[in-house]
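Step one of this worksheet: look at the structure below.
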Amino acid sequence: MNSSKYVCALAVAASAIWFSPSGFAETIPYTDRARVANGNIVYDAHCAACHGANLQGQANWRVRNDDGYLPAPPHDETGHTWHHPDQFLFDWTKFGPQHFAGLDYKSIMPPYNGVLSDPEIWDALAYIKSKWPESIRIRHTQAFTK
(Lines give C-alpha, C1' and ligand atoms only; values in the text may rest on other atoms or scores of the structure.)
Protein backbone atom coordinates (compact mmCIF):
# COMPACT_ATOMS: atom_id res chain seq x y z
CA MET A 1 0.00 0.00 0.00
CA ASN A 2 1.48 3.33 -0.93
CA SER A 3 1.71 6.03 1.71
CA SER A 4 -1.22 8.09 0.40
CA LYS A 5 -3.55 5.06 0.54
CA TYR A 6 -2.29 4.29 4.04
CA VAL A 7 -2.95 7.85 5.22
CA CYS A 8 -6.37 7.78 3.57
CA ALA A 9 -7.23 4.47 5.24
CA LEU A 10 -6.21 5.85 8.62
CA ALA A 11 -8.23 9.02 8.08
CA VAL A 12 -11.31 7.02 7.11
CA ALA A 13 -10.87 4.74 10.12
CA ALA A 14 -10.41 7.72 12.42
CA SER A 15 -13.56 9.35 11.07
CA ALA A 16 -15.49 6.23 12.02
CA ILE A 17 -14.75 7.06 15.61
CA TRP A 18 -16.96 10.13 15.30
CA PHE A 19 -19.48 9.05 12.63
CA SER A 20 -20.70 5.56 13.32
CA PRO A 21 -22.41 3.89 10.35
CA SER A 22 -24.52 1.90 12.80
CA GLY A 23 -26.10 5.17 13.91
CA PHE A 24 -25.94 4.59 17.64
CA ALA A 25 -23.43 4.46 20.43
CA GLU A 26 -23.09 1.86 23.12
CA THR A 27 -20.32 0.89 25.47
CA ILE A 28 -18.73 -2.51 25.88
CA PRO A 29 -20.64 -4.35 28.66
CA TYR A 30 -17.51 -5.99 30.10
CA THR A 31 -18.77 -5.95 33.71
CA ASP A 32 -21.94 -7.89 32.86
CA ARG A 33 -21.10 -11.54 33.59
CA ALA A 34 -23.87 -12.93 31.40
CA ARG A 35 -22.80 -10.80 28.42
CA VAL A 36 -19.14 -11.77 28.95
CA ALA A 37 -20.09 -15.46 29.13
CA ASN A 38 -22.09 -15.18 25.90
CA GLY A 39 -19.21 -13.22 24.38
CA ASN A 40 -16.86 -16.08 25.20
CA ILE A 41 -19.10 -18.42 23.18
CA VAL A 42 -19.30 -15.95 20.28
CA TYR A 43 -15.54 -15.30 20.36
CA ASP A 44 -14.72 -19.01 20.40
CA ALA A 45 -17.05 -19.67 17.45
CA HIS A 46 -16.18 -16.68 15.25
CA CYS A 47 -12.91 -15.04 16.34
CA ALA A 48 -10.56 -17.50 18.06
CA ALA A 49 -9.57 -19.33 14.87
CA CYS A 50 -7.69 -16.22 13.71
CA HIS A 51 -7.19 -14.08 16.81
CA GLY A 52 -6.28 -17.01 19.08
CA ALA A 53 -7.99 -18.82 21.92
CA ASN A 54 -6.09 -16.60 24.35
CA LEU A 55 -6.51 -13.42 22.27
CA GLN A 56 -2.82 -13.68 21.30
CA GLY A 57 -3.28 -13.09 17.56
CA GLN A 58 -1.07 -14.55 14.86
CA ALA A 59 2.71 -14.40 14.66
CA ASN A 60 4.22 -11.34 12.97
CA TRP A 61 0.83 -9.61 12.94
CA ARG A 62 2.38 -6.27 11.95
CA VAL A 63 4.05 -7.66 8.80
CA ARG A 64 2.12 -8.28 5.59
CA ASN A 65 2.54 -11.73 4.09
CA ASP A 66 3.61 -12.42 0.51
CA ASP A 67 0.00 -11.92 -0.65
CA GLY A 68 -0.23 -8.51 1.06
CA TYR A 69 -2.41 -9.55 4.00
CA LEU A 70 -1.71 -8.75 7.62
CA PRO A 71 -2.03 -11.64 10.05
CA ALA A 72 -4.77 -11.29 12.67
CA PRO A 73 -3.68 -8.94 15.47
CA PRO A 74 -3.88 -9.88 19.13
CA HIS A 75 -6.82 -8.66 21.16
CA ASP A 76 -4.95 -8.93 24.44
CA GLU A 77 -2.99 -6.07 25.98
CA THR A 78 -0.09 -6.56 23.51
CA GLY A 79 -2.24 -5.51 20.57
CA HIS A 80 -3.90 -2.27 19.60
CA THR A 81 -7.55 -3.19 20.20
CA TRP A 82 -7.67 -1.31 23.47
CA HIS A 83 -6.40 1.83 21.71
CA HIS A 84 -9.77 2.25 19.96
CA PRO A 85 -13.15 3.52 21.20
CA ASP A 86 -15.93 1.04 21.85
CA GLN A 87 -18.07 2.17 18.93
CA PHE A 88 -15.17 1.96 16.51
CA LEU A 89 -14.46 -1.64 17.60
CA PHE A 90 -18.12 -2.51 17.13
CA ASP A 91 -18.34 -0.87 13.70
CA TRP A 92 -15.04 -2.40 12.53
CA THR A 93 -16.35 -5.84 13.50
CA LYS A 94 -19.82 -5.34 12.08
CA PHE A 95 -18.90 -3.71 8.78
CA GLY A 96 -15.34 -5.03 8.28
CA PRO A 97 -12.08 -3.23 7.55
CA GLN A 98 -12.81 -2.69 3.87
CA HIS A 99 -15.88 -0.63 4.71
CA PHE A 100 -13.55 1.96 6.23
CA ALA A 101 -10.32 1.48 4.30
CA GLY A 102 -11.73 0.77 0.85
CA LEU A 103 -12.36 -2.35 -1.19
CA ASP A 104 -8.73 -2.56 -2.28
CA TYR A 105 -7.57 -2.87 1.35
CA LYS A 106 -6.30 -6.42 1.83
CA SER A 107 -7.87 -8.07 4.85
CA ILE A 108 -9.10 -11.56 5.48
CA MET A 109 -11.43 -10.30 8.22
CA PRO A 110 -15.00 -10.48 6.99
CA PRO A 111 -17.77 -8.11 8.02
CA TYR A 112 -20.01 -9.77 10.61
CA ASN A 113 -23.13 -7.82 9.64
CA GLY A 114 -25.77 -10.48 9.02
CA VAL A 115 -23.65 -13.16 10.68
CA LEU A 116 -23.72 -11.86 14.26
CA SER A 117 -26.42 -9.75 15.85
CA ASP A 118 -25.46 -6.40 17.33
CA PRO A 119 -25.72 -7.79 20.90
CA GLU A 120 -23.47 -10.72 19.93
CA ILE A 121 -20.82 -8.31 18.63
CA TRP A 122 -21.02 -6.26 21.85
CA ASP A 123 -20.81 -9.49 23.87
CA ALA A 124 -17.69 -10.65 22.00
CA LEU A 125 -16.12 -7.25 22.71
CA ALA A 126 -17.19 -7.60 26.36
CA TYR A 127 -15.38 -10.93 26.55
CA ILE A 128 -12.26 -9.43 24.98
CA LYS A 129 -12.21 -6.40 27.29
CA SER A 130 -12.87 -8.58 30.34
CA LYS A 131 -9.61 -10.41 29.62
CA TRP A 132 -7.44 -7.28 29.62
CA PRO A 133 -5.46 -6.50 32.77
CA GLU A 134 -7.37 -4.13 35.04
CA SER A 135 -4.93 -1.29 34.33
CA ILE A 136 -5.64 -1.56 30.58
CA ARG A 137 -9.42 -1.75 31.11
CA ILE A 138 -9.23 1.40 33.24
CA ARG A 139 -7.10 3.23 30.66
CA HIS A 140 -9.44 2.23 27.85
CA THR A 141 -12.55 3.26 29.76
CA GLN A 142 -11.07 6.58 30.86
CA ALA A 143 -9.80 7.39 27.38
CA PHE A 144 -13.07 6.76 25.60
CA THR A 145 -15.88 7.41 28.04
CA LYS A 146 -17.42 10.86 28.06
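Below are the figures for this structure:
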{"quantity": "Qualifying residue in region 66-75 (condition: closer than 21 Å to PRO133 by Cα and in a helix (DSSP H, G or I))", "calculated": "no"}
{"quantity": "Residue in region 26-47 that is in a helix (DSSP H, G or I), within 20 Å of SER107 (Cβ to Cβ) and not aliphatic (A, V, I, L, M) present", "calculated": "yes"}
{"quantity": "Region 95-108 residues that are under 19 Å from ARG62 (Cβ atoms) and assigned to a helix (DSSP H, G or I), paired with ones that are among the polar types (S, T, N, Q) and open to solvent by less than 40 Å² (accessible area, probe 1.4 Å) (beta carbon under 6 Å, 6 or more apart)", "calculated": "PRO97/SER107"}
{"quantity": "Residue in region 111-125 that is charged (D, E, K, R), in a loop (DSSP other than H, G, I, E, B) and either surrounded by fewer than 16 Cβ atoms within 10 Å (Cβ to Cβ) or out of contact with any Gly (no Cβ under 8 Å at 6 or more places or on another chain) (or both) present", "calculated": "no"}
{"quantity": "Condition check for LYS131: at pLDDT 95 or above and open to solvent by less than 30 Å² (accessible area, probe 1.4 Å)", "calculated": "no"}
{"quantity": "Residues that are among the hydroxyl-bearing types (Ser, Thr, Tyr) and part of a helix (DSSP H, G or I), drawn from region 126-146", "calculated": "TYR127, SER130, SER135, THR141"}
{"quantity": "Test result for SER22, modelled with pLDDT of 95 or more and either more than 21 Å from THR141 (Cβ to Cβ) or of a type in the set (Gly, Ala, Ser) (or both)", "calculated": "no"}
{"quantity": "The listed residue being in a helix (DSSP H, G or I), at pLDDT 95 or above and under 16 Å from ILE136 (Cβ atoms), out of LEU89, LEU55", "calculated": "LEU89"}
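The values are calculated or read from the model by the stated rules, or taken from the named source; none is laboratory data. Here the structure is a predicted model, which means the values were calculated and not measured. Note that we place each Cβ from the backbone using ideal geometry, even for glycine, and neighbour counts take in every protein chain shown. Just so you know, the surface numbers come from the protein's heavy atoms only, side chains and all, with ligands and any DNA or RNA stripped out. Shrake-Rupley method; radii C 1.70, N 1.55, O 1.52, S 1.80 Å.
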